[in-house]
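Below is one structure, written out as C-alpha cells; comments come after it.
What follows is calculated from the coordinates using simple rules that are stated; it is not laboratory data. Note that the coordinates shown come from a computational prediction; the quantities given were computed from them, not determined experimentally. Counting neighbours? That spans all protein chains shown, and the Cβs are built from the backbone with ideal geometry, glycine included.
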Amino acid sequence: MMRDLITAFSTDTRDRMTSAGWRKRTGDIYTHDLGDGFHAWVGLNRASKHHPLKINPVVGLRYDPLERLLADIAGAASLTSATIARPVGHLTPGNSLLQLRVAEPGDAERATDELCELVQAYGLPFARQHASTDALLTALRAGGNVPNPDRTRILLPALHFLRGDTNEARSDLAHGLAHYGQNTSMPVVAEYHRFANALTTRLSA
C-alpha cells in the first residue's frame, strides 16, 4: 500500500514539476535554473514508515560554482544538495512544520497541487531573493538557512574566495580553525583542517 502511495505522488509530482520547467534530479530533488549559476531547489522528505504517507517539502537555493568548488576541494563528485534551504512551512505565515499527506493513491493529485502552490508562493521567491552572492552571503551569516553549522563554516570562506574577498576568506578560516582546535583525531576537525589547507593554497596561488 505505501509503495502505491509513493509511486502515485512521485509520478504526479514529476509530471507537474517538469512541465513547469523544473529539472528532476537524483532522489526527490528538483532544481530550476535562475541564471548565473543559481538554481531554485526543492527537496521532498518522505515519512513512509507509518500510514499515511507524509511529505515535508524543503525549498532552497543552490549556487553551482560554490558547490563545485567544495566538491573539488573534497575530491568528490558534486551532489545536488542545496546551499541554503528552509522547510517550506517555516516560510509561510504560520511558520511551522507543514506536511503533505497522501492516505490513498487518489490523494496524490491534491497533494501535488498543494506542493506546486507552495513552491510558487514561497519556494521560488525565497530562491530568487537570495540569487546573488551578496544576498547569499547575508543569508549564510544570518544563520538558520543551513541546518549544519559545520557546513556554514565551510561555505562562508569558500564563497568569499569565489568573490575575490581574500582577507575575508582568510579571516573566516582563522575563526573556523580556532573553533575546531587542533585535535585532528576527531573527523570533523580533521575535515575542516583539510579544507582550510586546500583553500589557503588556492588563496595563495
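Here are a few things to note about the model shown:
- Separation of region 169-184 and region 40-99, taken as the distance between their Cα centroids, equals 27 angstrom.
- Inter-label distance, nm, simple model (7 Å from Cα along the C-beta direction), Thr11/His90: 3.4
- Sites Thr184 and Thr138, calculated FRET efficiency, Cβ-Cβ separation with R0 30 Å, nearest 0.05: 0.40
- The calculated 222 nm mean residue ellipticity attributable to helices in the chain amounts to -16000 deg cm²/dmol, summing -39500 (n - 2.57) over DSSP H runs of n ≥ 4 and dividing by all residues.
- Computed from Cα atoms, the angle from the helix 187-204 axis to the main principal axis of the chain rounds to 60 degrees.
- The angle between the Cα long axis of helix 108-118 and the longest principal axis of the Cα atoms of the chain comes to about 40 degrees, rounded to the nearest 10.
- Modelled spin-label separation between Thr200 and Ala76, with each label point placed 7 Å from Cα along the Cα-to-Cβ direction: 2.2 nm.
- Compared with the dominant Cα axis of the chain, that is its longest principal axis, helix 166-180 is turned about 80°.
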